[in-house]
């Protein structure tokens with residue numbers, strides 16, 4: 001139950017669209033990819049590393065065009081190193097009217113592995129780089145792989161942020177109290193399209209469709225999150241992989257079209273004020 005709270009204009013469901021715009025350090029590659037054969041530990045996966053750059057080179061532009069065409073505002077959670085590798089993409093996100101949230105410096109440098117001093121420094125540095133490049137105030141945060149610590153929310157509040165997606169124990173926004181003030185915890189989906197990277201993209205569509213329909217019909221107040229990691233927006237020369245890649249793009253669009261056209265859903269940015 002939502003304790004009597006409601007969304008504006010009598011809407012039952014708020015739809016939040018989040019895009020994870022990610023990059024890795026020079027000597028790192030994603031731990032997942034389209035490849036089915038993993039290299040032995042300690043070997044740099046050059047193919048995986050190259051694959052991870054597709055989001056910044058091509059995928060981000062495709063997602064921006066898709067959201068622009070549908071008239072849907074989104075929030076891009078951006079690794080700060082993207083401002084150095086793909087500055088024009090970061091600037092275009094802002095020009096297209098979308099929000100930018102902090103997402104640490106690179107996807108492989110996790111806050112959970114850092115000292116408290118390193119963690120606070122990474123948060124501050126990430127916010128500064130994003131604001132300098134995009135020219136827009138950063139108000140929110142999403143820790144890479146949701147690897148936060150008990151101190152993370154306090155560091156975010158201290159840095160002036162007002163919301164975080166580091167919430168795995170609620171399905172509606174909550175208030176998190178810290179030594180540096182309160183910050184909003186805004187949950188997001190944990191079923192993004194890397195779950196169907198080598199499988200059927202229709203699984204992603206059906207998971208989102210079923211969730212949205214359930215919220216509309218059964219919950220007095222719901223939050224529907226559509227999240228997309230850019231690194232999987234990659235066509236492939238292999239026919240079956242290419243079909244799955246195209247299917248994922250079409251699936252994302254189908255996931256967004258119904259909430260965008262629905263009369264009982266509210267389009268929501270991650271602005272919790």
Quiz prompt | Flag if residue 175 is modelled with pLDDT of 95 or more and farther than 16 Å from residue 116 by Cβ | solution = yes
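Of the residues that sit in segment 23-50 and are in contact with a helix residue (DSSP H, G or I) (Cβ under 7 Å, 6 or more places away or on another chain) and at pLDDT 85 or above, which one is farthest from residue 186 (Cα to Cα)? Walk me through it before giving the result.
The initial filter retains those residues of segment 23-50 that are in contact with a helix residue (DSSP H, G or I) (Cβ under 7 Å, 6 or more places away or on another chain), namely 23-24, 29-30, 32-35.
Narrowing further to those that are at pLDDT 85 or above: 23-24.
On the way: 23: 23, 24: 25 Å.
If we take residues in segment 23-50 being in contact with a helix residue (DSSP H, G or I) (Cβ under 7 Å, 6 or more places away or on another chain) and at pLDDT 85 or above, then 24 is farthest from residue 186 (Cα to Cα).
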Practice problem: Filter segment 109-120 for residues that are free of Cβ contacts under 8 Å to residues at least 24 places away in the same chain and assigned to a helix (DSSP H, G or I) and give the result. | Solution: 117, 118
Quiz prompt | Residue satisfying condition, being part of a loop (DSSP other than H, G, I, E, B) and at pLDDT 95 or above, within set 154, 160 | solution = 160
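Out of contact with any helix residue (DSSP H, G or I) (no Cβ under 7 Å at 6 or more places or on another chain), farther than 29 Å from residue 201 by Cα, touching a residue at least 40 places away in the same chain (Cβ under 8 Å) and not in a strand (DSSP E or B): is that true of residue 106 in this structure?
Values: out of contact with any helix residue (DSSP H, G or I) (no Cβ under 7 Å at 6 or more places or on another chain): yes; farther than 29 Å from residue 201 by Cα: no; touching a residue at least 40 places away in the same chain (Cβ under 8 Å): yes; not in a strand (DSSP E or B): yes.
So residue 106 does not fit the description; no.
Restricted to segment 1-22, and to residues that are in a loop (DSSP other than H, G, I, E, B) and modelled with pLDDT of 85 or more, which residue is surrounded by the most Cβ atoms within 10 Å (Cβ to Cβ)? Quick ask: steps written out before the conclusion?
First, the residues of segment 1-22 that are in a loop (DSSP other than H, G, I, E, B): 1-7, 11-12, 22.
Applying the additional criterion that residues be modelled with pLDDT of 85 or more yields 7, 11-12, 22.
Details: 7: 17, 11: 19, 12: 19, 22: 23.
Residue satisfying both the conditions and the ranking: 22.
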Quiz item: Given the conditions (1) over 17 Å from the mean Cα position of the chain (by Cα); (2) part of a helix (DSSP H, G or I); (3) on the phi > 0 side of the Ramachandran plot, and given that residue 145 satisfies all but one, which numbered condition is not satisfied?
Solution: (1)
Quiz item: Applying the selection to segment 80-103, what residues are outside any helix (DSSP H, G or I) and within 12 Å of residue 19 (Cβ to Cβ)?
Solution: 96, 98, 99, 100, 101, 103
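The values are calculated or read from the model by the stated rules, or taken from the named source; none is laboratory data. All figures in this text were calculated on a predicted structure; none of them were measured in a lab. Glycine also receives a Cβ, built like all others from the backbone with ideal geometry; neighbour counts cover every protein chain displayed.
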